[in-house]
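S.K.: Take a look at the following structure, please.
The values are calculated or read from the model by the stated rules, or taken from the named source; none is laboratory data. Note that this is a predicted model, so its numbers are computed, not measured. Note that each Cβ is placed from the backbone with ideal geometry, even for glycine, and that neighbours are counted across all protein chains shown.
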Amino acid sequence: MVVNRTQIRNRIDTFTSLPGLPSVIGRLGEIFENPSLSLREIGEFLATDQSLSSRLLRVANSAAYGFMRRITSPTQALLLLGLSTAKSLLLQLAMLDTMERVLGGLWRHSLANACAARAITRVKGLSTPEDVTIPSLLHDFGKVPLAVLWREEYTKVISLAEKHGMPMFQAEKELLDVTHAEAGAWLAERWNLPGALVESIRYHHEPHRSKTFPVQTALVHVADVLTITCGLGFSGSAHVPPFSEAALKTVGLDGTDTEEIVTLTRVLLEEAEGTLADSEEPPEQPL
Ligand SMILES: [Fe+2]
Ligand SMILES: [Fe+2]
């Protein structure tokens, strides 16, 4: 093993700006670590990044959030979404291009996961105390620091997973002694992201270990397996993992409404891809 677990942990703990990652991610990280910054100051920072703020406005104005009035400035979006949701959403939006570059299809897989989680909550009438969209969107984002920081090793991870048809986390564990679930959770913790997000990232492949946010974690897990089964996007491996029986029980899925959930997932995914398409109009007001 060329790198070890401690080295990876240390490197992720000092993760700010990295070659190959947009500098805005490092700057967002610095902002997240400074609890004394006001919403207005964060909004002003966002206004300096046209692409990120226009994506934030598109998503905030999309049907997913359902606000009655049109949101025209990043500060207004932060106020309406709440700081903790906005922080996680911004991180995801900033990661969008990088995710796709690191692993083609990963962004679509993440978006499909969020749509599947939403479809399950809708069809099953589940209400969760915490939003499940962001944890679903970010569940695999630990692959980004691993692939960017240990590029050569991660290429071998992908080949190993492909050659033996094994899950990515297993290939990562074998070659790096760290999984993307752990790496993502470490980074989310370091950036003070919400507990439900940290826990569902950490345990999305072993949902039975989630003790504080079992429903969100089970939802992210079930949505993940469903997305992989349906071939929506690409998570890095063709391996189709089994559903955790306990997670299926937690979200109340018994196979009778799978078809309805899959159909709704596809509809929501098409809608979401339309919302984020780069060809969309820029925001109405100067940022
Ligand atoms: Fe994963
Ligand atoms: Fe995944």
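S.K.: Would you be able to say whether some residue in region 168-191 is away from ligand 2 (no atom under 16 Å from the Cβ), charged (D, E, K, R) and in contact (Cβ under 8 Å) with a residue 40 or more places away in the chain?
M.R.: For region 168-191, residues away from ligand 2 (no atom under 16 Å from the Cβ), charged (D, E, K, R) and in contact (Cβ under 8 Å) with a residue 40 or more places away in the chain: present.
S.K.: While we're on this one: Sort through ARG118, ARG101 and tell me the only one that's away from ligand 2 (no atom under 13 Å from the Cβ) and within 15 Å of LEU219 (Cα to Cα). Break it down into steps so the answer makes sense when it comes.
M.R.: Details: ARG101 fails: within 15 Å of LEU219 (Cα to Cα).
Matching residue, one of ARG118, ARG101: ARG118.
S.K.: Now, a different point. Restricting to region 199-232, give me the number of residues that are within 10 Å of ligand 2 (Cβ to nearest atom) and out of contact with any His (no Cβ under 8 Å at 6 or more places or on another chain).
M.R.: 2
S.K.: If you go through region 90-112, how many residues are closer than 13 Å to LEU137 by Cα and in contact with an Asp or Glu (Cβ under 9 Å, 6 or more places away or on another chain)?
M.R.: The qualifying residues number 8.
S.K.: Does region 133-143 contain any residue that is surrounded by fewer than 24 Cβ atoms within 10 Å (Cβ to Cβ) and more than 16 Å from ligand 2 (Cβ to nearest atom)?
M.R.: No, region 133-143 contains no residue that is surrounded by fewer than 24 Cβ atoms within 10 Å (Cβ to Cβ) and more than 16 Å from ligand 2 (Cβ to nearest atom).
S.K.: Could you go through region 159-170 and let me know if any residue there is within 16 Å of ligand 1 (Cβ to nearest atom), within 30 Å of PRO35 (Cβ to Cβ) and touching a Lys or Arg at 6+ places or on another chain (Cβ under 9 Å).
M.R.: Looking through region 159-170, none of the residues is within 16 Å of ligand 1 (Cβ to nearest atom), within 30 Å of PRO35 (Cβ to Cβ) and touching a Lys or Arg at 6+ places or on another chain (Cβ under 9 Å).
S.K.: Hey, another quick one. If LYS163 satisfies all but one of (1) charged (D, E, K, R); (2) free of Cβ contacts under 8 Å to residues at least 60 places away in the same chain; (3) under 23 Å from ALA86 (Cα atoms), what's the number of the condition it fails?
M.R.: (3)
S.K.: Here's a follow-up. Among the numbered conditions (1) farther than 14 Å from TRP191 by Cβ; (2) modelled with pLDDT of 75 or more; (3) in contact with a Pro (Cβ under 8 Å, 6 or more places away or on another chain); (4) assigned to a helix (DSSP H, G or I), tell me where ASN10 comes up short.
M.R.: (3)
S.K.: Also: Can you tell me which condition GLN92 does not meet? The list is (1) more than 16 Å from ligand 1 (Cβ to nearest atom); (2) at pLDDT below 80; (3) part of a helix (DSSP H, G or I), and all the others hold.
M.R.: (1)
S.K.: Hey, does region 160-172 have a residue that's buried (at least 23 other Cβ atoms within 10 Å of the Cβ) and small (Gly, Ala, Ser)?
M.R.: Within region 160-172, one or more residues are buried (at least 23 other Cβ atoms within 10 Å of the Cβ) and small (Gly, Ala, Ser).
S.K.: How many residues are closer than 19 Å to PRO145 by Cα and either assigned to a helix (DSSP H, G or I) or under 16 Å from the mean Cα position of the chain (by Cα) (or both) if we restrict to region 175-213? Reasoning before the result, please.
M.R.: Here is the first cut: in region 175-213, the residues closer than 19 Å to PRO145 by Cα are 175-193, 197-205.
Among the residues that remain, those that are also either assigned to a helix (DSSP H, G or I) or under 16 Å from the mean Cα position of the chain (by Cα) (or both) are: 175-176, 179-193, 197-205.
Total meeting the criteria: 26.
S.K.: Separate question: What's the number of the only condition in (1) away from ligand 1 (no atom under 14 Å from the Cβ); (2) within 21 Å of GLU100 (Cβ to Cβ); (3) in contact (Cβ under 8 Å) with a residue 40 or more places away in the chain that ALA196 fails to meet?
M.R.: (2)
S.K.: Please work out which one of (1) in a helix (DSSP H, G or I); (2) without any contact (Cβ under 8 Å) to a residue 40 or more places away in the chain is the condition GLN216 fails and give its number.
M.R.: Failing condition for GLN216: (2).
S.K.: Here's another thing I want to ask about it. When both residues are 6+ apart or on different chains and their Cβ atoms are under 7 Å apart, which pairs have a first residue that lies in region 146-158 and is over 19 Å from MET95 (Cβ atoms), and a second that is modelled with pLDDT under 90 and surrounded by fewer than 21 Cβ atoms within 10 Å (Cβ to Cβ)?
M.R.: Close Cβ pairs (under 7 Å, with a partner that is modelled with pLDDT under 90 and surrounded by fewer than 21 Cβ atoms within 10 Å (Cβ to Cβ)) amount to GLU153/VAL2; GLU153/VAL3.
S.K.: If the requirement is being free of Cβ contacts under 8 Å to residues at least 40 places away in the same chain and within 20 Å of TRP107 (Cβ to Cβ), which of these qualifies: HIS239, HIS205?
M.R.: That would be HIS205, the only listed residue that is free of Cβ contacts under 8 Å to residues at least 40 places away in the same chain and within 20 Å of TRP107 (Cβ to Cβ).
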